[in-house]
Amino acid sequence: MKLIRFGEPGREKPGILLENGKRIDVSAAVTDYDEKFFGGGGLERLREWLGTNVATCPVVSDNVRLGPCVARPSKLICIGLNYAKHAKESNMDAPKEPVVFFKATSAIIGPNDTVIIPKSSRKSDWEVELAVVIGKHASYVSEADAMDYVAGYCMHNDYSEREWQLERGGQWVKGKSCDTFAPLGPFMATRDEIADPHKLKLWLKRNDIMRQNSSTSDLIFNIPTLVSYLSQFMSLLPGDVISTGTPEGVGHGCKPPQYMADGDVIELGVEGLGSSKQHVVSYS
Ligand code: ZN
């Protein structure tokens, strides 16, 4: 299944993107794609319910806004420097253990929403990523069992303010958490939809110029490793999102560096997880 959320910001309803491209409203069966939904067997129940009700679900028009594909999670955890070439362009060594940071969940927006370059920002940058959505409470999970805790996958653009991330001291969180810096979607694909999450092409264009073009086969730490690793330090809750890192081709790695400007159009895609487009404006 491909899960979508649609409607005005903060008032999204749950829906499904069907194989024929049609979007349907499933709010008769589901309140939202949140912790309670994922943790309470909601995916299985929804699949069963759709078996008999799909034909009678209201159709959602193509011009209705898509929201983030899952409800605001308890955590949006990101992995840094998880592609060897990206670590290199960042002038950092490939990490021996996963680099972990948080991104404020208030940064989450819909996949095609407008992205705002924050007030006083000079170094706003892009990062296409494969994100994982957790399906059940994970604590001290082994790598062998880790995939059982994955509900599905979605695309994330881990927008980053490099000056605030790297030049202002301390953790990366300041440069990662600005409002609108985390478009999620267009949809969450359930785990069964993606045969091998470690073989997905992912790409990003800025103003029609390809900037990132890679594959998740280049991940340093794969999904079972990340889920298991994180669960040794904290409980992962149903609906939590783990963003697995970005490949090379970020603006900060260009020579000379390139950063986003008012009027930019950023387009990105991950194989099997759709594509999205974000218009960029300066804070005003
Ligand atoms: Zn990232």
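The values are calculated or read from the model by the stated rules, or taken from the named source; none is laboratory data. Here the structure is a predicted model, which is why all the values come from computation and not from measurement. Neighbour counts are summed over all protein chains in view; Cβ atoms, including those assigned to glycine, are modelled from backbone coordinates with ideal geometry. To get the accessible areas, we keep the full protein, side chains included, count just its heavy atoms, and leave off ligands, DNA and RNA. Shrake-Rupley method; radii C 1.70, N 1.55, O 1.52, S 1.80 Å.
Tell me yes or no: at least one residue of the range 46-68 is touching a residue at least 60 places away in the same chain (Cβ under 8 Å), open to solvent by less than 10 Å² (accessible area, probe 1.4 Å), under 30 Å from R162 (Cα atoms) and assigned to a strand (DSSP E or B). Scanning the range 46-68 turns up no residue that is touching a residue at least 60 places away in the same chain (Cβ under 8 Å), open to solvent by less than 10 Å² (accessible area, probe 1.4 Å), under 30 Å from R162 (Cα atoms) and assigned to a strand (DSSP E or B). Checking K176 against (1) free of Cβ contacts under 8 Å to residues at least 60 places away in the same chain; (2) within 16 Å of the ligand (Cβ to nearest atom), only one condition comes out false. Which one? That leaves (1) as the condition not met. Look at (1) within 16 Å of the ligand (Cβ to nearest atom); (2) open to solvent by 10 Å² or more (accessible area, probe 1.4 Å); (3) of a type outside the set (F, W, Y) and you find that E143 fails only one, number (1). Of all the residues in the range 129-140, those that are away from the ligand (no atom under 14 Å from the Cβ) and within 11 Å of the chain's Cα centre (by Cα) number 1.
Only one entry in W126, W164 is more than 17 Å from the chain's Cα centre (by Cα), buried (at least 21 other Cβ atoms within 10 Å of the Cβ) and under 30 Å from P256 (Cβ atoms), namely W164. Looking at the range 200-210, can you tell me whether even one residue there is in contact with a Phe, Trp or Tyr (Cβ under 8 Å, 6 or more places away or on another chain), closer than 26 Å to M147 by Cα and surrounded by fewer than 19 Cβ atoms within 10 Å (Cβ to Cβ)? Taking every residue of the range 200-210 in turn, none turns out to be in contact with a Phe, Trp or Tyr (Cβ under 8 Å, 6 or more places away or on another chain), closer than 26 Å to M147 by Cα and surrounded by fewer than 19 Cβ atoms within 10 Å (Cβ to Cβ). Pairs please, first residue from the range 143-169 and in the same structural domain as G249 (by TED's automatic domain parsing) and in contact (Cβ under 8 Å) with a residue 12 or more places away in the chain, second anywhere and among the acidic types (D, E) and away from the ligand (no atom under 16 Å from the Cβ), Cβ atoms under 9 Å, 6+ apart in sequence or on different chains. Cβ pairs passing all conditions: G152/D192; G152/E193; Y153/E193.
Contact map, the range 225-240: first residue assigned by TED's automatic domain parsing to the domain that holds D148 and of a type in the set (S, T, Y), second residue at pLDDT 95 or above and open to solvent by less than 10 Å² (accessible area, probe 1.4 Å), Cβ cut-off under 6 Å, separation 6 or more or different chains; pairs are S228/V141; S228/A146; S231/A138; S231/V141. Residues that are over 13 Å from G110 (Cα atoms) and surrounded by fewer than 18 Cβ atoms within 10 Å (Cβ to Cβ) within the range 2-24 comprise L18, E19, N20, G21, K22, listed in sequence order. Considering only residues of the range 25-45 that are in a helix (DSSP H, G or I) and of a type outside the set (A, V, I, L, M, F, W, C), which is most open to solvent (accessible area, probe 1.4 Å)? Going through the qualifying residues, I end up with K36.
Of all residue pairs spaced 6 or more apart or on separate chains, those with beta-carbon atoms under 8 Å, a first member in the range 71-96 that is within 13 Å of the ligand (Cβ to nearest atom) and a second member that is aromatic (F, W, Y) and in a loop (DSSP other than H, G, I, E, B) are I79/F221; G80/W172; N82/F221.
Conditions (1) closer than 19 Å to I108 by Cβ; (2) open to solvent by 30 Å² or more (accessible area, probe 1.4 Å); (3) part of a loop (DSSP other than H, G, I, E, B), marked per residue:
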{"residue": "G245", "(1), (2), (3)": "yes, no, yes"}
{"residue": "G249", "(1), (2), (3)": "no, no, yes"}
{"residue": "H252", "(1), (2), (3)": "no, yes, no"}
{"residue": "P256", "(1), (2), (3)": "no, yes, yes"}
{"residue": "Q278", "(1), (2), (3)": "yes, no, no"}
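Scan the range 86-104 and give yes if some residue there is over 19 Å from the mean Cα position of the chain (by Cα), at positive phi and open to solvent by 20 Å² or more (accessible area, probe 1.4 Å), otherwise no. Yes, because at least one residue in the range 86-104 is over 19 Å from the mean Cα position of the chain (by Cα), at positive phi and open to solvent by 20 Å² or more (accessible area, probe 1.4 Å).
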